[in-house]
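Derivation of every value follows stated rules applied to the coordinates shown; laboratory data play no part. The shown structure was predicted, so the numbers you read here are calculated from the model rather than taken from an experiment. Glycine gets a Cβ as well: all are built from the backbone with ideal geometry, and neighbour counts include every protein chain shown.
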Amino acid sequence: MIVTKKHLPRRTFLRGLAGTAVALPLLDSMIPALTAQTKTAAKPQFRAAFIYTPHGVILDQWVPKTTGTDYEMTPILKPIESFRNRFIILSNLAENKAKQAGSGHASSSATWLSAAVTKDTQGEDVQAGTTIDQMIARKIGQDTPIPSLELGIEDVSNMIGICDATSSCAYLNTMSWSTPTTPLPAEINPKVVFERMFGDGSSAAKRFERLQDDRSLLDDITGSARDLQKNLSAQDKTRITDYLDNLREIERRIAQVEKRNTDQQLSVPNAPIDIPETYEDHVGLMFDLQVVAFQADITRVSTFMMSRELNNRTYPYIGVPEQHHSISHHQYDPPKMAQHQKINTYHVQLYSKFLTKMQETKDGDGSLLDHSMVLYGSGMGDGNVHSHDPISVLLGGGAIGQIKGGRHIQNPKGTSMGNLLLPMLEMAGIQQDKIGDSTGKISLS
Amino acid sequence: MRLAGTLLLAATGLFGQTAPPAQTALVNQYCITCHSEKLKTAGVDLENRDYSHVAEDAEVWEKVVRKLRAGEMPPVGLPRPGKASIDKLATWLENTLDTSAVTNPNPGRTMIHRLNRTEYANAIKDVLNLDVDASELLPPDDSADGFDNIAQMLTISPALLERYLSASAKVTRFAIGDPDVGVVVSTYRPRPDLSQDTHIEGTPVGTLGGMAVTHYFPLDGEYQFEPRLSQSILGMIHGLEDRHAMEITLDGVRVKLLNFGGNDGIVKAIPESMAYANQLHAQLVFRIPVKAGPHTLAVSFLRQSSAQTAEIWQQYQRTAIDANETKGFPHLDKVIVSGPFDPHGPGDTPARRRIFTCRPVPGKDELPCARTILSNLARRAYRRPVNDKDMERLLTFYQRGRNKGGFEQGIEMGIRRIISGPEFVFRVENDPANVAPNTPYRISDLELASRLSFFLWSTVPDETLFNLAAQGKLKDPTVLEQQVRRMLSDPKADALVTNFAAQWLQLRNLRGMVPDPDVFPDFDENLRLALVKETELLFDSVIKEDRSVADLLTANYTFVNERLARHYGIRGIYGDQFRRVAITDDARKGLLGQGSILTLTSVGTRTSPVARGKWILINLLGTPPPPPPPNVPALKEDSAAKAQSMRDRMTVHRANPFCATCHKVMDPIGFSLENYDGVGRWRLKDGDAKIDASDTMFDGTKVDGAVGLRNFLLARREVFIQTMTEKLLMYAVGRPMDYRDMPAVRKILREASKNDYKFSSILMGIVQSPQFQMRMKQADVVQSASAKQSLDQMRRPEQ
């Protein structure tokens, strides 16, 4: 039997996603498929992950005093100290265009990965720029069942209208734009994400049983489609041939999902029932799902908003009963700045668990972390004044030998974030000279 | 072809029309200046045509007829013959073409046709008596010419097949009441721009806001309800400053009353809005036992007093316009229903009653009972009698399920096979073997029954229709007509309104329209729903009262509820049920005065005369404009531009002759409606500029305002009626119309004109047409040049 490996048109996935944007009852199992992997030591698969935190950081506790390799680890970054050689600190970046829209919150996250400018509107005619995660997904993600994962923690998709002064709520919901006018909704429910990856059923045994049922149905359906085809005219025959081809394709996928469910090497988390109670569990689960998705090659690109701009979450369990947005407007009062800093540090601590898992997960001859490019940071710097200049981010992972960590690169004042996005695209194999308001390319070698 | 030629010559004598030389002279004088062999303007060459073989050039001549009847050719500004001459030429051409069609009917051929998702859901409802939400289960379908039931667009993809598989599992689990259904979590959300300071349809009288939905509870058991209140962008719950009571009802009976808000709440909430919200929401969660089956769940807020109002704070109709606002009424953000917890049995649901028409003695007569159940369901689902091979397949799956978990599991598995297979999902019409290729043949009675029920009801045939067809009685024209009338008066004929009319008039576009809240702050979901309902009710009245289709243009009545009445400025209408009102303002009569159409042909911040012109050309006149050239810059939206009237801003359309060819057709139509703003309200000024709604139409007629436009359309009402008929015929047979269908369309109209173009006459004409009752057998040879060409031609819609 010739296995025809079909390249799925992107839009069939988007339609599948459209049905899962809201937490549904029994959800669609978008049964993914492993493609023929050429995972040899010589050719590992590139992954990209982008992780965002809102409201900026206390910059002088984040950015080291000195540049180069000998910098002293700062308090906020202490939790990832042991990963020192696996990331580069980049400072003095700027989202130059972000301050032009609304109060500056929505545009922070909306332009972080595009260096574009958001259109001032409260209506449906939102416009920003295509983000680099989507550009990368188009290049390396078309073979995977899910070209890219967009994840979030808070959901404001129920708000249409004015959210951030003159900016539409649509800008706050996601950091991923597949075209300048198409924001991609972020999924906040790990159950939805899980079912998309592994199929329907609360235990591996149940899922297996359901997959068996699916297989026997497909088999029989194929038989009756063939019978049907015999009596049809030429034109109609072609449509049924199409149908038969597609049946074969999902039979193949089901076989792969079966394999994935029984693969001893994969540590599939238990199927989540719903959104976890605590913030820490929710974030942890989303990180875990990204790791498994990379490991099983279900996707190679993910964006994750650990928290969105303009949220008022409190963190009493780390000693911050004040609301995040409010405390980010600390008015330079030292005790308040210290509280804001606690949140910054806590987020880095959660991030360190992701790095640990990525490091510990084998991938070919190395680890997932070796073969990934991971960006972490915020679109704001000094959150008190909604400043997007300067901002600082961490570029981590190995990116298959392309990222040399353990350094602090300080850029000339006002360097566009776009100047970092371009070399990041290059690492993924995309040559481009300009993005958004970029003025050049930061040298990362 | 020679035979046809002889008939033609005879026919011209028969009709006493002008002999060919006069027609040639007319065309040569007025048309071939542009449409010459050399210039071939718009790809049309009318020079040196053979007028004795018009039918052989039908494609070109049908284009000519269309343009002549619409009055679009010759274009204004160039020499034109009088209307009488134009009509004479068009009539002569039509008669010639129609005569040829009588001897060589071409009913066309719709290819194998899969169910779209609306039809899928309706079919599940009719077979299993289970309501399902098609948009949850299946991806959206592609459409052509605005309709989502066109066979060649209903393609197959891996994503779709996966969904059929998973949908069949979910549907059957619910239908049977499978104990293994697990915990199902459903989230229901009112649209964020729904104003909740008023009664919402479906909720108990005496309450405000919230929502009412039908939720399916899969098993008898305990269910959890989690209502959540709307919060501002910073996490503050709306409306906390007063004490409120949220009522939850099932099938109209109160199951819970939850109190919240007041001074207590607000004091705690202000310093820690998100934490307080989480705490409050945790208190609103509750669990109660519920019986399996569909139940109406309503969540709304008790109206405390008639004086209760937040109008002092609320300047606009729309209550939740500003995500930073926290004052005013509480709003329901969503309600999450999960369960069953601690289930105890499938209960007694409508679906189970439909499925289990027999109950076997365990271990004794299970197989015969299974056979009975599955063959009944399959017959309905497959739209044909079930044969031995079908039963063999179904019983294999029955056994599989039976071996795993008993009789009911077996039935579940069997049903799953029924609804996931090609027999259910495809509408198959088989060419008879004894018919020559490229010859038309009558389709079978069962195939006719299917076409009829999908046309009028968007679902599978019912028992009555099926039995008549199975007995071969549907061929009888009297029986057929009786069935059509019966089906039209059945509630399922609402599908003609919600599927045909809503797509023809593009009403579904309103769902995605969000007029800019800065410019139209009063526009809310309540209005959006009401606008759609108004137009649907208008169309429905034409069907139910069997009115002339032309009444759609002239109707001196419409349907409003309180919200819509307020929008139009009609006084004295209270309550959210719709009622008929007389229209006193001449400008408002008919489709052109419907807020729905006026809104969906606007853009977020303003009207779009071009969009309105285009909409009328496509949907009412059947003459769509060609697509715009690439790289047309957007209209300037700066303040200088906004100070001008829309007309002035679009002068460049007229000034540039390259643009003018199309825009002098579209723009004047749109300008005549400029008194209606971007959400359909009457206005005399656009900003500071006074509105001038007069213009010159493409045939030279001077038109002033909406009334003038309506009269312009009425002067060519046959064009309007033909356009609607073409679209209805396309909807009925599931393929675009082309020039070969025009003789049949004209025949339908000739007959219907004797009855003042009443809707039922047009409908009957369609059902009696060769298009509906026959099919062209295809040439056997795959991809032969001529066969491929005819396929492509069939796919390309007129123009």
Gyration tensor over alpha-carbon atoms, region A:268-325, equivalent ellipsoid semi-axes in Å: 27, 14, 8
Whichever lysines have a C-alpha closer than 21 Å to that of B:Lys690, once near sequence neighbours (fewer than 8 apart) are set aside: B:Lys636, B:Lys642, B:Lys702
Dipole axis of region B:60-153 (+1 Lys, Arg; -1 Asp, Glu on Cβ), positive-most option in B:Gly77, B:Pro105, B:Ala151: B:Gly77
Ranked by how many other beta carbons lie within 10 Å on average, peptides B:49-56, B:517-524, B:749-756, B:408-415 from highest: B:408-415, B:517-524, B:49-56, B:749-756
Of B:Lys473/B:Lys777; A:Lys78/B:Lys334; A:Lys191/A:Lys434, those spanning more than 32 Å from alpha-carbon to alpha-carbon: A:Lys78/B:Lys334; A:Lys191/A:Lys434
Alpha-carbon radius of gyration plus Dmax, which is the widest Cα pair, for the protein assembly as shown in Å: 32.8, 103
Most positive-pole-ward Cα, B:Leu208, B:Trp615, B:Ile418, against dipole of chain B from beta carbon charges: B:Ile418
Size of electric dipole in the protein assembly as shown: Cβ of Lys, Arg +1 and of Asp, Glu -1, about Cα centre, debye, nearest 20: 2240 debye
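For peptide B:162-173, how many partner chain Cβ atoms fall within 10 Å of a residue's Cβ, on average? Show your work: numbers first, answer last.
On the way: counts 14, 6, 3, 14, 11, 2, 3, 8, 7, 1, 0, 1.
Counting other chains' Cβ atoms within 10 Å and averaging over B:162-173 gives 6.
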Test item: Cα-centred dipole of chain B, Lys/Arg +1 and Asp/Glu -1 on Cβ, debye: 1260 debye
Extreme residue, positive dipole direction of chain B, given options B:His344, B:Thr661, B:Leu394 (C-beta unit charges): B:Leu394
Relative contact order of chain B, pairs being alpha-carbon contacts under 8 Å that are 6 or more residues apart, as %: 14 percent
Entries of B:Lys40/B:Lys614; B:Lys589/B:Lys664; A:Lys139/A:Lys404; A:Lys357/B:Lys404; B:Lys88/B:Lys758 with Cα pairs more than 30 Å apart: A:Lys357/B:Lys404
Over chain B - Rg/Rh using Cα atoms and the Kirkwood inverse-distance radius: 1.00
Region B:265-281 - phi-based ³J(HN,Hα) in whole Hz, Karplus 6.51/-1.76/1.60, Gly and Pro as x: x, 5, 5, 6, 6, 4, x, 9, 4, 5, 5, 5, 4, 4, 5, 5, 4
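Listing B:Val479, B:Val181 from the residue with the fewest other Cβ atoms within 10 Å to the one with the most, what is the order? Present the calculation step by step, with values, prior to reporting the outcome.
Numbers: B:Val479 15, B:Val181 20.
Ranking B:Val479, B:Val181 by Cβ neighbours within 10 Å, fewest first, gives B:Val479, B:Val181.
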Ordering of B:334-347, B:187-200 by packing [mean C-beta count within 10 Å, highest first]: B:187-200, B:334-347
Under-5 Å amide H pairs with B:Phe286, H placed in peptide plane, nonlocal only: B:Phe225
Exercise: per-residue mean of other protein chain Cβ atoms within 10 Å, A:225-232: 4
Distant-in-sequence amide H partners of B:Arg243 (H built 1.01 Å from N, under 5 Å): B:Gly262
Percent RCO, i.e. relative contact order, over region B:109-261, from Cα pairs under 8 Å lying at least 6 residues apart: 12 percent
Cα centroid separation, region A:340-361 to region A:71-141 (Å): 18 Å
Cysteines in chain B lacking a second Cys C-beta under 4.7 Å: B:Cys31, B:Cys34, B:Cys659, B:Cys662
Peptide B:226-233 - average C-beta neighbours from other chains (10 Å radius): 3
Karplus-derived 3J(HN,Hα), 6.51/-1.76/1.60, for each residue of region A:206-219, Hz, glycine and proline x: 5, 4, 4, 4, 5, 5, 4, 4, 4, 4, 6, 5, 4, 4
Cα gyration tensor, region A:200-349 - rounded (a/c under 1.5), prolate or oblate: prolate
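Cβ neighbours within 10 Å, averaged per peptide: list B:371-383, A:367-379 in order, most packed at the top.
On the way: B:371-383: 20.6, A:367-379: 23.8.
Ranked by mean Cβ neighbours within 10 Å, highest first: A:367-379, B:371-383.
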Within region B:218-355: Cβ-based charge dipole about Cα centre, in debye rounded to nearest 20 (Lys, Arg +1; Asp, Glu -1): 440 debye
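How do A:Asp60, B:Asp141, A:Asp437 rank when sorted from fewest to most other Cβ atoms within 10 Å of their own Cβ?
On the way: A:Asp60 13, B:Asp141 22, A:Asp437 19.
If I rank by nearby Cβ atoms, fewest first, I get A:Asp60, A:Asp437, B:Asp141.
What is the order of A:Thr356, A:Thr179, fewest Cβ neighbours within 10 Å to most?
Details: A:Thr356 16, A:Thr179 13.
The fewest-first ordering by Cβ neighbours comes to A:Thr179, A:Thr356.
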